[in-house]
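The values are calculated or read from the model by the stated rules, or taken from the named source; none is laboratory data. Because the structure is predicted, anything quoted here is derived from the model rather than measured. When we count neighbours, we look across all protein chains shown, and the Cβ atoms used for this are built from the backbone with ideal geometry, even at glycine.
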Amino acid sequence: MIEFVSGISVVCFAASYAVALACEASRLLFRSGVRGAAMIAFGVAGLVAHTLFLAWRATHEPAVPLSSAFDWYLLAAWLLAGGYLWLTIANPRTPVGLFMLPVVLGLIGAAQVSSRTPFPQSPATQIWGAIHGIFNLAASVAVAIGALAGALWLIQAGRLARKQPPLRSFRLPSLERLAHATDRTLMIAAWTAAAGFLSGIVLNAVNRQRGLLETVPWTDPVVLRMAALVAWLVTAAVAARVTRRSADGPRSAAWLSLVSFAVLTASILWGVFGTTRHGAPPVQPVVSHAVDQQAIDREAAP
Amino acid sequence: MTLAFVGGTHRTVPLALRERLAFSAEQAAEALTRFRERFPGREGVLLSTCNRVEFYAACAEADGPPPPPDQLVSFLAECRGIDASLLTPVLAGDRDEAVVRHLFSVAAGLDSMVLGEPQIVAQVKQAWSLAQESRTSGPLTGEMFQAALRTAKRVATETAIGRERLSIPSVAVADFASGVFERFDDKRVLLIGAGKMAAETLRYLRVAGARDVLIVNRTAGRAGDLAARLGARAGRFENLSAELAAADLVVSTTGATAPVVSLELFAEVELRRAGRPLVVLDLAVPRDFDPRIGQRPGVWLYSVDDLAAACAANRKSRQRELPAALTIIDEETQRFMGDLHHRSTAPVIERLRAGWSETGDAELDRLFRRLPGLDDASRAEIRQSFDRYAAKLLHPPLASLRSESRAGSPHGLLDALKRLFDLKD
């Protein structure tokens, strides 16, 4: 069993999700009695392998979820894959996978090109680090789900405006439900992204104050892109709230959620391919900060 | 011949004659009782709906044939007091496999006025139940109707022939209004006009959960009557503007010759709606709503033509499923006929087995008398060997019989077996 679990690789679950996506895409081409079962089977297989992979890393490697960029992306992908399965089982005729699985695969791809080295941590900053990671994760998942709801709203509104009856194997949720989801996720994304950014500032300040680890400069690309993302998400949430009572409100919210997703994607790409001090190990002995490794060890001592 | 049927549908029997020919439940029960007395030992099922009257008769081969179609026509004419000569040209009859294929198609809704309509399954089931109660159903019709219901289920689950909606009110509610609103129990429904289409649409809205329904009509009395009948509230036509501002879904079916809601009137209403979405099902001809209202943000306006186009698309979609449904009918008919033919070989197989068993037992008794020293275990072992030997020898002819049954009644093979093994009837 241990050998089996340790043998699971990223390719295993990525391939399962890819097959599930291919099944979803085939909805557009032909009808099939077994496709639904195959889609769920591959989705479940992927999620199980994904879960075992993360569990293995958490128990056998110094890499609990969120402790490295690699694990962060994989955890975000895991949450979205779980959401995909839940939505597919609850609404088998709604093609959510067509929109969610590419995001899942994209996050897995981002994980593959990200560093697997755990972020440097000390016990004092561990809690702030976890809060920072969790809020950023929640914001990213909320943006992805909001974009899904927004895209489906626009498609459904287009079909209804063209007076087209729903397709048998491509049934979309109602505009009311999608508008509610878009509105809610925009708000959640703004709050959690802001909380993630603020907790990052606190984390950086603690590091700077205690001189425990290398601090991230305020001009670091990660800080700038996160600030831009938070600014956009807060603006989008406020704009959605303001236009909520207008007849065009749901359409505006749908577009805002799609643009939010584009901003998030650009931010992730910037993070993946850019250079940063975020999460990097100390570049030099931290004597200049009047602290040495012994200080970290003392901090860690019970 | 073991199966016969005669019947007519909306396609062959004029409405006036169909009305005279139709059987109520009591009349059908009486007819079946009369059939039992007239044709003892024969099985019969009467299917009477608003679009068809059909009589299915059956009889096991050994008991002689069931009444032929022309006798069934006379019987139906007699039951309904109609001159048989009026029915003969419009009722069609058939026998054996064609009967099975027809019943399976009927049960699956492939012979219905609305292709794939699901109500016919319940009507077929009721017809069979009535025959059971009247003691005219038997093993043959029982199996045929069970197989028909099974076939209908297969067609319904394996094809999409009955899934698309075809009536304007059902398409309006299920395909369009439900595309905008998730639920209807918290929505205000406004019916403008008190026409039949409004009542029909409201029926679908009620099923979808609508509770708060207001009816306005130029003639207040008609609105009040309809509201009382449908459990809704009646409002004043003079308050139309205010009611439009409060409504989430509007169904309009007035007989007005000019638009009841102009763009100017709606512009006033729009200001009071606070951006809430509005679905308008304009089922009136000429239209009650200015079509330009449909271009306003948050307004989803559907006219009769829009809905009729959706119905036509759905109808085409059902037609596309027809070949797949017919393939299922074909498979199930072949399977049923194969089973039916195979069952007709049962007496011969029974006699063949019995003959071999008797011979084997006689031989074993002789053997055991000659070998008195054999203990019980040895005797049992020898008996088992004999049985296995007989089964292996019988297997090829029985397999051939089964194989022949699939193509039809294996009379030739049965005769050969009877002569070869000297099997007496």
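Annotations for the structure displayed:
- The test for being surrounded by fewer than 19 Cβ atoms within 10 Å (Cβ to Cβ), more than 14 Å from every other protein chain (Cβ to nearest Cβ) and under 23 Å from A:R251 (Cα atoms) does not hold for A:W86.
Let's see how each residue does on (1) without any contact (Cβ under 8 Å) to a residue 40 or more places away in the chain; (2) under 30 Å from A:R93 (Cβ atoms); (3) in contact with a His (Cβ under 8 Å, 6 or more places away or on another chain):
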residue: B:A172; (1), (2), (3): no, yes, no
residue: B:V207; (1), (2), (3): yes, yes, no
residue: B:G224; (1), (2), (3): yes, no, no
residue: B:R236; (1), (2), (3): yes, no, no
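- Selection from segment B:205-248 of residues that are within 35 Å of the chain's Cα centre (by Cα) and in a helix (DSSP H, G or I): B:L205, B:R206, B:V207, B:A208, B:L226, B:A227, B:A228, B:R229, B:L230
- Sole exception among (1) surrounded by 22 or more Cβ atoms within 10 Å (Cβ to Cβ); (2) within 18 Å of B:P68 (Cβ to Cβ) for B:G116, by number: (2)
- Among the conditions (1) touching a residue at least 60 places away in the same chain (Cβ under 8 Å); (2) more than 21 Å from A:A193 (Cβ to Cβ); (3) surrounded by fewer than 19 Cβ atoms within 10 Å (Cβ to Cβ), A:L101 misses just one, which is (3).
- Identity of the residue in segment A:232-253, more than 14 Å from every other protein chain (Cβ to nearest Cβ) and exposed (fewer than 15 other Cβ atoms within 10 Å of the Cβ), that ends up nearest to the chain's Cα centre (by Cα): A:T235
- Among the residues making up segment B:269-286, those that are free of Cβ contacts under 8 Å to residues at least 24 places away in the same chain and more than 8 Å from chain A (Cβ to nearest Cβ) are B:L271, B:V285.
- Annotation note: Cβ proximity below 8 Å between a residue of segment B:348-371 that is of a type in the set (S, T, Y) and surrounded by 11 or more Cβ atoms within 10 Å (Cβ to Cβ) and a residue that is assigned to a helix (DSSP H, G or I) and modelled with pLDDT of 80 or more (sequence gap 6+ or interchain) occurs for B:S357/B:A390.
- Subset of segment A:151-204 [within 8 Å of chain B (Cβ to nearest Cβ), assigned to a helix (DSSP H, G or I) and more than 26 Å from the chain's Cα centre (by Cα)]: A:R159, A:L160, A:A161
- Restricting B:S112, B:S74, B:S137 to residues that are within 24 Å of B:S24 (Cβ to Cβ), part of a loop (DSSP other than H, G, I, E, B) and over 16 Å from the mean Cα position of the chain (by Cα) narrows the list to B:S137.
- Screening B:F289 against (1) farther than 30 Å from B:A107 by Cα; (2) buried (at least 20 other Cβ atoms within 10 Å of the Cβ); (3) within 14 Å of chain A (Cβ to nearest Cβ) leaves a single unmet condition, (3).
- Of the residues making up segment B:140-168, those that are within 16 Å of the chain's Cα centre (by Cα) and aliphatic (A, V, I, L, M) are B:M144, B:A147, B:A148, B:L149, B:A152, B:V155, B:A156, B:A160, B:I161.
- Qualifying residues in segment B:179-204 (those that are part of a loop (DSSP other than H, G, I, E, B), at negative phi and away from every other protein chain (no Cβ under 14 Å)) - the one farthest from the chain's Cα centre (by Cα): B:A194
- Residue that is surrounded by the most Cβ atoms within 10 Å (Cβ to Cβ) [pool: residues in segment B:18-48 that are hydrophobic (A, V, I, L, M, F, W, C) and assigned to a loop (DSSP other than H, G, I, E, B)]: B:F23
- If you go through segment B:217-233 and keep only what is within 8 Å of B:A194 (Cβ to Cβ) and in contact with a Ser or Thr (Cβ under 9 Å, 6 or more places away or on another chain), you end up with just B:N217.
- Qualifying residue in segment B:293-301 (condition: assigned to a strand (DSSP E or B), facing chain A (nearest Cβ under 9 Å) and touching a residue at least 12 places away in the same chain (Cβ under 8 Å)): yes
- Every test in (1) surrounded by fewer than 16 Cβ atoms within 10 Å (Cβ to Cβ); (2) at the interface with another protein chain (Cβ under 10 Å from one of its Cβ atoms); (3) over 21 Å from B:L214 (Cβ atoms) is passed by B:E264 save one, and that test is (2).
- Of residues in segment A:12-71 being touching a residue at least 12 places away in the same chain (Cβ under 8 Å) and within 14 Å of chain B (Cβ to nearest Cβ), the one surrounded by the most Cβ atoms within 10 Å (Cβ to Cβ): A:R27
- So B:G81, is it at pLDDT below 90 and on the phi > 0 side of the Ramachandran plot: no
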